Each structure stands twice: as structure tokens, then as C-alpha cells.
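Reading through the C-alpha cells given below for one structure.
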Amino acid sequence: MKEDLRKGLKSLLKDIEKKSSKEKKVVVEKLSNTISLIKIESIEYNPFQPRKKFNDKELQELSDSIKTLGLIQPVTVRNIGGESFQLISGERRLRASKMAGLKEIPAYIRIADDQAMIEMALVENIQRSDLNPLEIAFAYQRLIDECKLTHNKVAARVGKNRSTVTNYLRILKLTPSIQNGIKQELISMGHARALVGIEDSFLQMKLFDEIIDRNLSVRALEKRISDIANPKKSEKIIEPKLDPKSNAVKKQLSKFFESKVDLKRNNKGEGMISIKFSSDNELNDILEKIGII
């Protein structure tokens, strides 16, 4: 299967510079809608990548996730001749994949800087009805990364509201395990949209597991999140004030035991007396006055 993919890729890229504009357009459209497996060693980093520093801990976490789940979001590369490629977007994913020991990586391949052509191919791909929410989010992100479009311009290109585009893009911030759950259709876009509002990744995963285990609907999940964010405060018990007679008894007892005494009564006349002590000696003094010892 992998060998077939490689052969197909070689065939598409063979003598690409000699192809006519019409032939190149066909290749661009095919590659834009296809995820290809390419050797990591054949990818060189983009020298114009503005980001130079990467968080080692986050890279290690992503690498561990890739070892377990594989790379969920493909990188994007540009063919620079033969089987050589240059990274366009996804350097963090590429570095983590190398750390995970991957020899091949899923990638979208571009063959030229024809912005209009790639943009058109991506938009056409988004219009397909069989894409899951994660695939749509990937496509929106590619329009931003590769075509340098803003959220508003992406929305205009695909005929959606800006908020819709933004909501899809936000699910790319979910943990890889949850993204994998979206990919496998274990949870819906509604579930994902609710989970993405939670910053704590541990809580995200806890709720994700609850959705699966308890088959929570989107509404049930939203209520669960609301309950966690706004726990019910325990009703404060308002104790009735002591009447003058009971208050006088309380003072007499405190004086008698030479310690703080608390006396509580309800409206039915039921109540409790408690005597405070802070050492064995004080306890013995109280017991002696009661006549127990």
C-alpha cells in the first residue's frame, strides 16, 4: 500500500517543471486533496521560518502522543525537485515526529507558489460533504498558513460565518487524543466545541472519557461543564439567636468551667452544649467539676 502511494507520488511529480499549466493544475488539485507519506529525511526545514525556539517539554509530550496515536495533523511541504521537499508549515510536528523515531510522515505536497491555484483546490475540497470536523479544520488552517488568509477571508472564500471558521480552528487546540476521537467520530463537533472552552487538558480528557463511557449528549456535556465551573454553594445554616435566658446560662457555664462554652438551640427547644479545652489538664478540670473524676 505504501509502495503504491510512493509510485503514485513519483508519477505525479515526474518532470513537473516540463508540464503545461493545465497539467500542473490537475496535479495541484490531486495533491491538495491527498495526504502522501514521505520520508522524513527528504524534508528540509524552511530557512524563513520565523519561529526559532520550541518548548522541549511540549515537544516531548507531542512526541509521546505521536508514538501512541501517530501524527494526526499532516505537515505541508513544497516539492523542490525529485524526491526532495521543503517544509512550509508544521515544524513542531516534524521535530516531534523525528523524536518519536518516525521514518515517514503524512504530508500535503505543493509543487509551486501558485496561490490562486492552491487556494481554489483547498476551497473545493472543503465543499465536500464527507469531511469530518477535523478535516475541515485542517483545510481552514491550510488556507491560513499556505495562502496567508485571515479568518474573515477564509470565511468569505468558503461561504461561512467567521465564527464558524473560528470554531473549527479552535478544535485544533484540543489534545491529540480528543482530535483522534473526532477523527474516529466518537464525538461530534458540538462536543468538541464544548470541550475546547476548557483550558485544563486533564479535565478535557476526563470529560472526553465521560462522553464515551456515559454516551453524553452535547447538552448533557454543557451542563456538566457548567456544574464544574459553578459548583452549588452549600446553603448557609442560619442559627437562631439565643434568647436572653439561654445566653445568661451560656455565660454562667463558661464562668463555672473556666473555659469557652457554646450553647445552641433551635426553635423546637432542641440544642447542644459544647465545652472547649486545649489540653489534658483542662479536660481533667472540666471532668472534675462535672463529678466524673
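Values computed for the structure shown
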| quantity | calculated |
| --- | --- |
| Failed item, numbered, when LEU203 is tested on (1) more than 20 Å from ALA107 (Cα to Cα); (2) free of Cβ contacts under 8 Å to residues at least 24 places away in the same chain; (3) surrounded by fewer than 16 Cβ atoms within 10 Å (Cβ to Cβ) | (2) |
| Checklist (1) at pLDDT below 90; (2) of a type in the set (D, E, K, R); (3) assigned by TED's automatic domain parsing to the domain that holds ILE38; (4) within 27 Å of the chain's Cα centre (by Cα) applied to ARG95, failing item | (1) |
| Criterion: in contact (Cβ under 8 Å) with a residue 60 or more places away in the chain and among the acidic types (Asp, Glu) - qualifying residue of ASP209, ASP145 | ASP145 |
| Inter-residue pairs, beta-carbon under 7 Å, first on the phi < 0 side of the Ramachandran plot and in the range 148-175, second at pLDDT 90 or above and among the charged types (D, E, K, R), 6+ apart | HIS151/ARG162; ASN152/ARG162; ALA155/ARG162; ASN167/ARG193 |
| Sole exception among (1) crowded, with 16+ Cβ neighbours inside 10 Å; (2) under 21 Å from ALA96 (Cα atoms); (3) not small (Gly, Ala, Ser) for ASP145, by number | (1) |
| Residues of the range 183-200 satisfying the condition of being exposed (fewer than 12 other Cβ atoms within 10 Å of the Cβ) and either closer than 21 Å to ALA229 by Cα or in contact (Cβ under 8 Å) with a residue 60 or more places away in the chain (or both) | GLY197, GLU199, ASP200 |
| The lone exception for GLU119 - which of (1) in a loop (DSSP other than H, G, I, E, B); (2) without any contact (Cβ under 8 Å) to a residue 40 or more places away in the chain; (3) among the acidic types (Asp, Glu) it fails | (1) |
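The values are calculated or read from the model by the stated rules, or taken from the named source; none is laboratory data. These numbers come from a predicted model, not from an experiment. All Cβ positions, even for glycine, are placed from backbone atoms using ideal geometry, and neighbour counts span all protein chains on display.
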